[in-house]
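Notes follow the structure.
Coordinate-derived values only; no laboratory data. Only a predicted model underlies this, so the values are computations on that prediction, with no experimental measurement involved. Every residue, glycine among them, receives a Cβ derived from its backbone with ideal geometry; neighbour counts consider all protein chains shown.
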């Protein structure tokens, strides 16, 4: 499965039916995703959807209970060669609180084969992050910038960021994402960025993976996702489907139905008024669908209500 | 890796150096004073041929220092608790394992270098303390030997074995429970249990002890003050251990008259002991035992670290 072809030109990440169980509870189940190279992918899902678990499987911190994981065609392994290719920024950006950014960079040089401390120092100096103070005394925004600089200094091919902006204030979040955008300009770096709120990271990402209930709901380019979903507003027609569209979520009022649909071809029925949707609205529709599917397993998805 | 280990442990090294310097500053003058007092007293009592009260003159005013020396017994446990147990558990709790285990260094190398340096550090610290204690204690050995628990356990090579075992045990327990405080507590408890079991049930059997039948009354056998006496029982003329005074001697009331009576009826003292000359062998065997236990702990820690999720 890890032949030279998939290693050289295949997707950056490919998982097939991946599951991870902790005790008797599945944190992730039947997860199949493919992440293209050179893209910045948003890994979005509600809390507990398995985002953190998936990222930990990808960097080899955890092993899957079921299914297979391939990163550039290889199974994640505790080898220098694999670890050198993947940069990982864990949730809450853990670092040695008593060591300074400078010391982290000095240590990183010993722990990695490739290490660009110069660029990291310059980037942090531009952001006026104190290099000589213990990172435990820095602000959350400054700490996350140091953590990002550390993850980038090893010049990985794949960068995995677990909720990097969740704890940041809006200004720090903007600065963090600007730094990330700068790092991805060259286009060689594949990035997966998880967040439970898509609008935080929407403008730096060009690919979307929506994980809900441990399952992949969407894995597509954001432009394609936006073009492929519409809101249909029309008179209530209980029981009727929409030809050429899959209903993701439906809201029925007395006078009208509002359907979020995935289009397979344009909807020509003049009874429907068509509106464009924001990425967040599309994602919320998928999350609601998942919830209603859980609430009413007997009737399933509310496509025909 | 070494660069990281040094940065994470330099504060502990500084604390160890300061404490070691303080201990040295207290023990060196005291040791010199004690050696002088010993030689003086020895010369004095040799002249009068009565050296029985030597131990009383030797330690006058040194009670606190003696306590301090005995307190070094705790050093291996402290190293296990505060160097071994946090090695994995603290990094797990702080999340930094997820930082360091995703650099291009394998977990095997991470554990090897981290454990290697901390074990070496613990061995060096206990070696220095053990050497200092042995030097300080020297005058006393001629009187009491080196096999009694207060002496055997704090000098020679066994403290190093204990310390290496303590740190390895701490690393293993920290890798297993993954939280700092429980790891420290369990390390202390497990260390105390293992030390206690070895002291009570293993050490007496490391070498087959010598059995000796000695007269109940009269002079003790030569050199017996330096023996580690494991058991001392009274046996009757037939060689059977007895704890009751037979009817023939029940008329005697004072201890010495009872003993004289018993001796006259063929009773003897059965002594099971290790002589001081076996000190080196016993030290080597017990050190080896603890080093073997340390290797076993490290093997489990290695398995835990390389196979678990982080």
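Miscellaneous remarks
- Taking label points 7 Å from Cα along the Cα-to-Cβ direction, residue B:21 and residue B:141 give a separation of 2.9 nm.
- Distance (nanometres) between label positions extended 7 Å along Cα→Cβ at residue A:275 and residue B:36: 9.9 nm
- Degrees separating the helix B:2-48 axis from the principal Cα axis of chain B, which is the longest one: 20 degrees
- According to the Cα-based calculation, Rg over Rh for chain B is 1.11, with Rh computed by the Kirkwood formula.
- Spin-label model, residue B:208/residue B:220: points 7 Å from Cα along the beta carbon direction are separated by 2.7 nm.
- Spatial offset of region B:62-101 relative to region A:161-197 amounts to 39 Å, using the alpha carbon center of each.
- Each helix, a run of at least 4 DSSP H residues, gives -39500 (n - 2.57); summed and divided by the residues of chain B, these come to -21500 deg cm²/dmol at 222 nm.
- The spacing between region B:7-37 and region A:35-100, judged by their C-alpha centroids, is 48 Å.
- Largest first and in whole Å, the equivalent-ellipsoid semi-axes of region B:57-168 read 38, 13, 9, each the square root of five times a Cα gyration tensor eigenvalue.
- Each of A:144, B:175 was scored by other Cβ atoms within 10 Å of its Cβ. Listed from fewest to most, they are B:175, A:144.
- Between region B:132-146 and region B:283-308, the Cα center-to-center distance that results, in Å: 31 Å
- By the count of other C-beta atoms within 10 Å, a proxy for reagent exposure, A:157, B:108 are ordered fewest to most as B:108, A:157.
- Mean residue ellipticity (222 nm) of chain A, computed from DSSP H runs ≥ 4 via -39,500 (n - 2.57), nearest 500: -9500 deg cm²/dmol
- Take each peptide in A:32-41, B:215-224, A:75-84, count the other Cβ atoms within 10 Å of every residue, and average; sorted highest first, the result is A:32-41, A:75-84, B:215-224.
- Normalising the Debye intensity of region B:228-274 to I(0), with uniform scatterers on Cα atoms only, and taking log10 at q = 0.19, 0.23, 0.29 Å⁻¹ returns -0.60, -0.80, -1.07.
- Taking region A:152-170 and a reference point 7 angstrom along Cα→Cβ of residue A:186, the backbone N atoms nearer than 15 Å belong to A:152-159.
- Crossing angle, helix A:170-183 versus chain A [Cα axis fit, 0-90 degrees, rounded to tens]: 70 degrees
- Rg and Dmax [Cα atoms of chain A; Å; Rg one decimal, Dmax integer]: 21.5, 68
- Principal-axis tilt of helix A:140-153 within chain A, Cα atoms, nearest 10 degrees: 80 degrees
- Residue of B:280, B:95, B:288 that the Gaussian network model of chain B assigns the largest fluctuation, springs spanning Cα pairs under 10 Å: B:95
- Gaussian network model of chain A, Cα within-10 Å springs - most flexible of A:46, A:235, A:164: A:235
- With the alpha-carbon atoms of the protein assembly as shown aligned to their principal axes, the span from lowest to highest coordinate is 126, 58, 47 Å, starting with the largest.
- Ordering A:182, B:200 by the number of other Cβ atoms within 10 Å of each residue's own Cβ, fewest first, gives B:200, A:182.
- Candidates B:245, B:15, B:100, ranked by Gaussian network fluctuation over chain B, Cα under 10 Å, top entry: B:245
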